[in-house]
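Step one of this worksheet: look at the structure below.
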Amino acid sequence: EESSADILTRALTPAAARLCIDSHGNHVIQRILLKLGTTHSRFIFDAVAESVGDVARHRHGCCVIQRCLDSPPSDARSHLVLRIVDKSLELMQ
């Protein structure tokens, strides 16, 4: 049977990047990062890594990235760090 965390993850995955930069949605995303394990928060790391330029330039998105980087080490976090490094010159402009 599907858990509530599974349902939540499935429902929010398509809009994860947009929620990261939303004034209310970023709080939902940050709470998921704090309360749910890596299994259920992976979709956030993937969405942020995919849209790192847009998310990093936004004041709410920046908070989400900080929360991602504060999370325990994982493959998803490592991938996000690599994407940030790849985009670092672009982000500094």
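The values are calculated or read from the model by the stated rules, or taken from the named source; none is laboratory data. Bear in mind the structure is a predicted one, so any value in this text is a computation, not a measurement. Virtual Cβ from ideal backbone geometry, glycine too; neighbours counted across all protein chains shown. Quick note on the areas: whole protein, heavy atoms, side chains included, nothing else; ligands and nucleic acids left out. Shrake-Rupley method; radii C 1.70, N 1.55, O 1.52, S 1.80 Å.
Here the chain is assigned +1 on the Cβ of each Lys and Arg and -1 on the Cβ of each Asp and Glu. Its dipole about the Cα centre then comes out at about 300 debye.
Each listed q (0.13 Å⁻¹) maps to a log10 I(q)/I(0) for the chain from the Debye sum over equal C-alpha point scatterers, namely -0.38.
With a Förster radius of 22 Å applied to the beta-carbon distance between SER3 and ASP75, the computed FRET efficiency rounds to 0.50. Between HIS58, PRO14, VAL28, the Cα set farthest toward the positive side of the dipole of the chain (charges on each charged residue's Cβ, about the Cα centre) is that of HIS58. When the solvent-accessible area of the chain is split by element, carbon and sulfur atoms take up 53 percent of it, the probe being 1.4 Å. Sum up the charges of everything whose Cβ sits under 12 Å from the Cβ of HIS79, counting Lys and Arg as +1 and Asp and Glu as -1, but leave HIS79 out. It works out to a net charge of -1.
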